[in-house]
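Beneath this line is the structure, given in structure tokens, with notes to follow.
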Amino acid sequence: MTPADPIRPGSALTDGNLRAAKIAELDVLEAAAAGGGSKQKRILKQARDTYSLLAAYPWQRVNYRFGRWQAEQTGWKYLISLSLWDSYHWARSVDVFQLLDPYTGAPIGELSAPSFHYSMWGKPDVEDDLLHEPGGALEIAGDPTSLVAYRPFGGSPDTIRFAKSPWSTVFPQIKAIELLRTGQADRLPPAGQPVDYAYLDMYRAWFADEPNKPARKAPWAGVAILYRPGDRITRRPK
């Protein structure tokens, strides 16, 4: 399979060795999908989407933090006491990683860890996210608020992973990739709704800042659980 994506000047796929390696990978995955099931077809689609991002975007350095303490509901205590405030506790979570501007340290995006996302379909499609607690640095190609391909610095083609924002809906993402692939757009469209990361971080503590479980009581997390970008919920417990 040799995709017809336009290779934009300066994009990651102007590296001929990387382009050849990804084309060879697609050939193998296409053959597997032809005789395989839904998992093989899904892996092929992800690889195809990754190719489209690499054809459109250059590599960009970002920092990231991975792993956090998240306020979650303590179900048994809620049933016994019916006390919303007392029914939350700190729980360890590695479902997302947050991208940070390397100069200011400000959050610029948040993405589902590949193994967490794929695990919802069963066994993860990748053995290693190549993410390390409590954080580090990556190269990304794509839009940190929507879709990216990422890798460790100078990583080989097989270290490239595909990740998507948990805050974006699926169908706009699919449409955006198609526009890149057909040359109708050179970039992914802006995120439909901004995400207030500072608001979300009121209800969690990243390992990079607090490696040990916080000693303070976990906050009442219901508003964070119900939060939707562009429709911030501001009610608080009395």
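Every read-out reported here was derived from the displayed coordinates using simple, explicitly stated rules and does not represent laboratory data. Model, not experiment: these values are computed from the prediction.
For the chain, what is the calculated [θ] at 222 nm in deg cm²/dmol (nearest 500), taking -39500 (n - 2.57) for each run of four or more DSSP H residues and dividing by its residue count?
Result for the chain: -9000 deg cm²/dmol, rounded to the nearest 500.
Suppose we look only past 23 Å in the calculated P(r) of region 12-226. What percent of the Cα-Cα pairs does that tail hold?
Every Cα pair in region 12-226 considered, those over 23 Å come to 51 percent.
Pull up the cross-link candidates among the aspartates and glutamates for LYS45, meaning alpha carbon to alpha carbon under 14 Å and not fewer than 8 places away within one chain.
Within the straight-line cut-off, LYS45 pairs with GLU25, ASP27, GLU30, ASP125, GLU178.
Helix 16-34 against the longest principal axis of the chain: what's the angle in degrees, Cα atoms only, rounded to the nearest 10?
80
Which of rounded, prolate or oblate describes region 1-57 when judged by the alpha-carbon gyration tensor and an a/c cut-off of 1.5?
Since a/c reaches 1.5 and a/b is larger than b/c, the shape of region 1-57 is classed as prolate.
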